[in-house]
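Engineer: Below is the structure I would like to discuss, written out as structure tokens.
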Amino acid sequence: MEFFFLRNHFAELDQSLIERGKLIASQFSSSSEYGVISNNQPFMQETAKVVLQQPDVRGLMILNAASNKLFEAGKFSGAAKNALADIPLASSNHPNQTVSKLAHQVNQTQAGQIREPDNSSATIHNSDESLLIYQHIVPEKVLLDETLMDEYETMLPARKAGTVIIEMSLARTEQLKSKMFWSTITATAIFLVLILYAVHRTTHQITYPVSLLSNAVQKIGQGNLETRVAESSRVAELDILAHGINQMTAKLQQESANLQYLVDERTAQAIEAQHVAEAAQRESERANTAKSRFLAAASHDLRQPIHAQGLFLDVLSRTELTAYQHELLSCARAASEASGEMLNTLLDFSRIEAGVVKPQIQSFLVQPLFNKIENEFASQADAKGLVYRSRETHLAVQSDPVLVELILRNLVSNAIRYTEHGGVLVACRRRGNQAGLEVWDTGIGIEPAHQQEVFHEFHQLGNPERDTRKGLGLGLAISDGLARTLNHGLSLVSTALRGSVFRLALPIAVAALPVKETVLARGGTGTLKARILVIDDDEAVRAAMLHLLRNWGCECEAVESIEEALAMARAHPPDVIVSDYRLREQRTGAEAIAAVRALLENTLPALLITGDTAPERLREAQASGIPLLHKPVSPSQLYRGLMEVLKEAAWQPA
């Protein structure tokens with residue numbers, strides 16, 4: 001409303017200035033007519049003085065009919081001077097031209113009356129600082145020539161004699177506007193302050209008690225149950241509400257105290273139970289560690305004589321024996337190999353626990369792997385009267401073929417071991433972008449309650465007497481560990497008394513390579529004319545190695561310590577070193593090999609042989625970078641290992 005009021009008053013002030021300027025310009029043009037026609041400068045000067053005395057008149061100028069300046073008084077602003085230069089003024093025609101045009105008008109006009117041009121209206125140019133008002137000086141109308149008068153009996157208007165220009169300043173008008181604006185704003189502000197004060201006084205009696213209630217409720221919501229609200233407001237309803245809030249808070253405080261007591265009691269019980277559980281866990285870990293250490297020590301101690309036994313049996317087989325002796329030797333070898341298989345199963349499990357199994361991922365076809373497994377286990381299935389089948393497949397997968405073969409071998413071995421009737425099926429099925437290697441059997445099956453337990457180490461079903469012909473209960477634990485190492489899924493579906501199916505999920509490969517044979521076929525050993533230094537602290541192993549290696553045509557020396565090895569190397573520099581990993585006085589075969597190499601200043605080819613299965617020992621041996629064989633080592637494995645390291649060293653027999 002105030003804006004509308006100000007806008008109307010501002011418009012009235014502007015219009016008043018314009019009307020007054022037009023009136024002054026009109027009066028100035030009339031009074032200047034004589035001075036312009038006669039070019040009387042004193043007259044025009046006197047007239048200008050009178051005009052300049054008028055309020056807001058800043059400057060004036062008189063032009064003749066040809067727009068030439070006749071007179072100027074006052075002081076025009078810069079904007080006015082620019083406006084005078086920019087706005088063109090209409091120039092009057094020469095008198096002769098005027099007369100010629102007038103005659104032409106008369107000839108063309110019949111009985112009509114010629115219009116009088118409008119030279120009396122003022123022209124206004126507005127700028128930020130002032131108004132420029134242009135007013136033409138028009139003489140009074142004159143009679144035409146008598147001949148024309150007689151013919152037309154009319155009168156024609158005279159042409160303009162000149163123009164007056166007056167600049168009216170806007171300063172005083174703007175000051176009036178400013179005063180009016182600030183007066184209005186001040187009055188409005190005072191009015192609003194008075195209204196706000198009245199509203200505040202009116203609402204304070206209601207809002208203040210409500211704010212106290214709100215703050216109290218907020219504190220209670222934050223858990224401060226000791227908060228109370230004063231019940232002394234002038235509004236009865238608010239006092240009733242405050243009383244109810246106080247009662248509710250008191251009850252909440254009491255319930256909170258009871259709840260806190262229960263929480264403290266349960267927390268104490270939970271902490272005590274946690275301590276008991278932690279103690280039990282520590283005890284279990286100690287027992288598990290003790291078990292692992294016992295198994296590692298027992299495994300190492302068992303591997304030593306079995307390793308020596310295998311070497312002695314191989315040497316014995318090369319002697320002249322009777323048919324009966326050959327039969328006994330074959331039985332002894334079978335018993336030794338069975339013991340070695342059980343120990344190798346423990347080794348596989350220990351290698352997984354130690355984290356030394358490093359997958360070598362590559363693409364390979366599944367069918368050659370199936371063929372290899374079938375050639376190995378079909379005879380065992382036939383011996384039990386079972387049907388062994390493998391479904392042909394053309395799929396290729398992306399994984400480690402050696403570890404996948406080990407997983408599949410354990411699954412097939414378990415299936416044959418726990419199946420008495422029916423058969424075993426090995427297949428590969430495509431499921432989206434994965435291939436599932438499946439081993440089906442019609443064996444005893446597994447109850448749902450035990451289907452997770454069969455993947456635990458040393459867990460067996462249906463073998464309470466711990467028959468070693470049924471293994472050690474590590475096959476599925478090893479398969480599960482290898483599957484997790486490869487990041488593959490291994491699942492089980494089984495129905496009791498009907499059979500089981502194990503599935504290993506592998507990613508499908510785009511391109512594939514045939515599976516490389518990872519285990520060389522058994523075969524005889526040839527002559528190996530090399531000088532070999534054997535380092536082992538077990539006397540039986542040293543004797544067996546000496547007999548075997550010399551039987552192969554090698555020059556061989558066997559010692560039990562690093563010092564003896566250095567002395568022997570000085571006297572007879574070897575071509576290759578074969579050392580047990582664990583030596584006496586907490587020293588290792590890796591240290592012995594490094595010492596001999598440093599002595600001879602030569603990177604001799606070397607082999608490490610270990611009977612350790614402890615995870616930390618396996619990691620240490622793996623980190624040495626020296627080729628590693630695990631006891632019991634068969635003669636063919638030892639022969640191939642020696643040939644490989646000698647071939648890598650480009651060794652030539654002397």
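Values quoted throughout were computed directly from the atomic coordinates according to the rules given, and no laboratory measurement underlies them. Computed from a prediction, not measured in an experiment: that's the story for all the values here. Every residue, glycine among them, receives a Cβ derived from its backbone with ideal geometry; neighbour counts consider all protein chains shown.
Engineer: Step through the residues of the stretch 239-244 one at a time and calculate ³J(HN,Hα) from phi using the Karplus curve (6.51 cos²θ - 1.76 cosθ + 1.60, θ = phi - 60°), rounding each to whole Hz and writing x for Gly and Pro.
Structural biologist: Calculated HN-Hα couplings, in order: 5, 5, 5, 5, 4, x Hz.
Engineer: Filter the trypsin sites (Lys or Arg not before Pro) in the stretch 174-223 down to the DSSP loop ones having no more than 11 other Cβ atoms within 10 Å, then list what survives.
Structural biologist: Of the trypsin sites (Lys or Arg not before Pro), not one in the loops of the stretch 174-223 has a Cβ with at most 11 other Cβ atoms within 10 Å.
Engineer: What does DSSP give for the stretch 531-648 in terms of the percent of beta bridges that are antiparallel, rounded to the nearest 5?
Structural biologist: 5 percent
Engineer: Sticking with this one: Among 391-402, 7-18, 32-43, 317-328, how do they line up by average Cβ neighbours within 10 Å per residue, starting with the highest?
Structural biologist: 391-402, 32-43, 7-18, 317-328
Engineer: How large is the dipole of the stretch 357-507 about the Cα centre if only Lys and Arg carry +1 and Asp and Glu carry -1, each at its Cβ, rounded to the nearest 20 debye?
Structural biologist: The calculated dipole for the stretch 357-507 is roughly 300 debye.
Engineer: Further question on the same structure: Please list, ordered by chain and number, the residues whose modelled amide H lies under 5 Å from the amide H of Gly162; skip anything fewer than 5 residues away on the same chain.
Structural biologist: Ile137
Engineer: What ranking of Ser29, Ser183, Ser561, Ser634 emerges when the number of other C-beta atoms within 10 Å of each C-beta is taken as an exposure proxy, fewest first?
Structural biologist: Fewest to most other Cβ atoms nearby, the residues stand as Ser183, Ser561, Ser634, Ser29.
Engineer: Full-extension gain between Glu12 and Gln41, please, as 0.36 nm times their residue separation minus the C-alpha to C-alpha distance.
Structural biologist: 6.7 nm
Engineer: To the nearest 0.05, how large is the calculated FRET efficiency for Ala79 and Arg20 if R₀ is 22 Å and r is the Cβ-Cβ distance?
Structural biologist: The value I calculate is 0.65.
Engineer: Here is a further query. Sorting Val596, Val315, Val534, Val199 on the 10 Å Cβ count, fewest up front, what's the list?
Structural biologist: The most exposed by this proxy come first: Val199, Val315, Val596, Val534.
Engineer: Taking amide hydrogens as modeled 1.01 Å from N in the peptide plane, which residues meet the under 5 Å criterion relative to Ala558, leaving out close sequence neighbours?
Structural biologist: Under 5 Å from the amide H of Ala558 lie the amide H atoms of Val534, each far enough along the sequence or on another chain.
Engineer: Below 8 Å between Cα atoms, with a sequence gap of 6+, how large is the relative contact order for the stretch 531-648 in percent?
Structural biologist: That works out to 22 percent.
Engineer: Next up: If the chain between Lys384 and Tyr197 were fully stretched, how many nm would it gain, using 0.36 nm times the residue separation less the Cα-Cα distance?
Structural biologist: Taking 0.36 nm per residue and subtracting the Cα distance, the gain is 56.7 nm.
Engineer: I need the Debye-formula profile for the stretch 357-507: one equal scatterer per C-alpha, no solvent, reported as log10 I(q)/I(0) at q = 0.13, 0.14, 0.19 1/Å, two decimals.
Structural biologist: -0.56, -0.65, -1.23
Engineer: With only Lys, Arg, Asp and Glu charged, each at its Cβ (+1 for the first two, -1 for the last two), find how big the charge dipole of the stretch 531-648 is about the Cα centre; round to the nearest 20 debye.
Structural biologist: Dipole about the Cα centre, nearest 20: 300 debye.
Engineer: Next question, about the same structure. Which far-off residues, 5 or more places away or on another chain, put their amide H under 5 Å from the one on Val576, with H placed in the peptide plane?
Structural biologist: Arg531, Leu533
Engineer: Which of Cys554, Cys331 has the fewest other C-beta atoms within 10 Å, and how do the rest follow up to the most?
Structural biologist: Cys331, Cys554
Engineer: Return the loop-located GluC sites (Glu not before Pro) in the stretch 547-600 (DSSP other than H, G, I, E, B) with at most 14 other Cβ atoms within 10 Å of their own Cβ; answer none if there are none.
Structural biologist: Glu585
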